[in-house]
Amino acid sequence: MITIGVLALQGAVREHIRSIEACGAKAVEVKRVEQLEEINGIILPGGESTTMRRLIDSYGFFSALKEFGRQGKPVFGTCAGLILMASEIDGQDNAHLGLMNMKVARNAFGRQVASFEADLEVSHIGDAFNAVFIRAPYVLEAGPEVEILATYQDRIVAAKQGHYLCTAFHPELTDDNRVIAHFVTMVEASMKATA
Amino acid sequence: MSNTGTERVKRGMAEMQKGGVIMDVVNAEQAKIAEAAGAVAVMALERVPSDIRAAGGVARMADPTITEDVLNAVSIPVMAKARIGHIVEARVLEAMGVDYIDESEVLTPADDIYHLNKSDYTVPFVCGCRNLGEAARRIGEGASMLRTKGEPGTGNIVEAVRHMREVQSEIRKLSAMSKDEVMTFAKVIGAPFELLLQIREEGRLPVVNFAAGGIATPSDAALMMELGADGVFVGSGIFKSDNPEKFAKAIVEATTHYQDYALISELSKGLGTAMKGLEMSTIAAHDRMQDRSE
């Protein structure tokens, strides 16, 4: 059985757990580094990236998550999770995990009053995907190895690099589980590749 | 093609704060300390609740200069308080771009009968509640997030515990009811019927419910998480303690790892004196902030 973890230091954990289970995989809340051994892929949920980074450092997740990715295990970041995965953050000296070769901007669409929903076409997923953007970031620049999956008003809001996936929006906040289902297939493929 | 201010976007914003700590701050410097300590948001205020209590008189929305300074100082969301029913204070805060408005009993109510019709606004609102009826009325008016009222500025957790337990216990009672009992229950607690049906179906509120009002130590924060809070607000507790920076970090970690008791013991060491606090029986009825609205 496929087991997918959700980093449960802070943020919208419950919604991801529900989506993973709706896609037929087993879901685990990951609060301790040892739990990374039990899972085949991990979701870095939405929340506050500054808070998550502080807790990632406090509990030894920083190098453990990088190593998890190096082993070829899939990682999916939504919103704050996308920021954690980027190799460069606009206006900041240091990035976080640096898993994906891209430069991102935080709160790039503005403050909460500018948060919005919009229907998007997302490669590998399909069209009319109701995407929920909350104080969302977007990708300013992406390296050649990064596949752009979706744009909104010419800004990159979903991308993939090998076994890494990220969205600026929150697929876990709606009942449309297509994005999570795609991540589950990525985890499935990685398990076959390493079996 | 795109929609702002939808219920999903407003409630979703609060979902992203789950498992986190929202800290009261009165200036940019405190806001930066809170952000560095791992706060998920800050509440910009002119005075923390314990000082409001001590000062007496009418407490209003903060001077916009303070709110603006805090908005410019941090990258995490900024919340601010408007008086209950004060349409203009709320619109002013919305126009300034605050991320969440607390329609709060900590300030002196502007309207002693009606709350704001919060569905009208693009900015989301958080409101206090002591029981399921109050929670459901606020959701009915459009609140996207709830918190216990507790008794603000006391450093005494007892009221927040009572309010969290009361809401949870009434939800359990509702979930066990047959459908034909719900209308009468709605009448008794003064709650919208359709909303109660939804809560009964899902076994939980449709919005997050944080703990607030009287949290003074890391153990207090963990206790509220244990009782089912989605996160915590810490008001006077942090910047009225001896070492705010250390204290703020300890509260954040205790909230994340609320069942890791060895860790909470480590975090609680050498924090210095917590705020002095007030025993409930010493507070006169007219000084109880939680009774200012229902």
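The values are calculated or read from the model by the stated rules, or taken from the named source; none is laboratory data. This one's a predicted model, so the numbers in the text were calculated from it and none came from an experiment. Positions of Cβ are generated from backbone atoms using ideal geometry, with glycine treated the same way; all protein chains shown enter the neighbour counts. Quick note on the areas: whole protein, heavy atoms, side chains included, nothing else; ligands and nucleic acids left out. Shrake-Rupley method; radii C 1.70, N 1.55, O 1.52, S 1.80 Å.
The solvent-accessible area of residue A:15, taken with every protein chain present and a 1.4 Å probe, is close to 20 Å². Per residue, the range B:58-217 exposes 36 Å² of accessible surface when a 1.4 Å probe is rolled over the protein heavy atoms with every protein chain present. Loop-located trypsin sites (Lys or Arg not before Pro) in the range B:235-278 (DSSP state other than H, G, I, E, B) with a sparse environment of at most 16 neighbouring Cβ atoms within 10 Å: B:269, B:276. When the GluC sites (Glu not before Pro) in the range B:185-280 are filtered for DSSP coil states and for at most 11 other beta-carbon atoms within 10 Å of their beta-carbon, the remaining sites are B:279. The range B:130-182 and the range B:34-79 have Cα centres separated by 25 Å.
Here the range B:13-100 has 51 percent of its accessible surface on carbon and sulfur atoms, given a 1.4 Å probe and all protein chains in place.
Across peptide B:38-45, the mean count of Cβ atoms from other chains lying within 10 Å of each residue's own Cβ comes to 3. Taking the DSSP bridge list for the protein assembly as shown and keeping only pairs wholly inside it, about 35 percent are antiparallel. Computed with a 1.4 angstrom probe on protein heavy atoms, the A-B interface buries about 3100 square angstrom of accessible area in total.
Any idea what the relative contact order of chain B is, in percent, if you count C-alpha pairs under 8 Å spaced at least 6 apart?
Values: 618 pairs, mean separation 58.2, N = 294.
In percent, rounded to a whole number, it is 20.
The mean count of C-beta atoms from other chains within 10 Å of the C-beta of residues in B:14-26, rounded to a whole number, is 5. Sorting B:120, B:291 by accessible area puts them as B:120, B:291; the probe is 1.4 Å, largest comes first, and only protein heavy atoms count. Legend: mean number of C-beta atoms from other chains within 10 angstrom of residue C-beta atoms, peptide B:3-11, equals 6.
A helix-only calculation puts the protein assembly as shown at -11000 deg cm²/dmol for mean residue ellipticity at 222 nm, using -39500 (n - 2.57) for each DSSP H run of at least four residues, averaged over all residues.
Would you mind working out the accessible area per residue for the range A:69-153, using a 1.4 Å probe, and quoting it in Å²?
Heavy-atom SASA per residue in the range A:69-153 reads 38 Å².
Sites listed here are chymotrypsin sites (Phe, Trp or Tyr not before Pro) in the range B:45-144 whose DSSP assignment is loop and whose Cβ has at most 16 other Cβ atoms within 10 Å: B:114.
Taking each of B:81/B:249; B:10/B:81; A:31/A:160 in turn, the alpha-carbon distance tops 20 angstrom for B:81/B:249; A:31/A:160.
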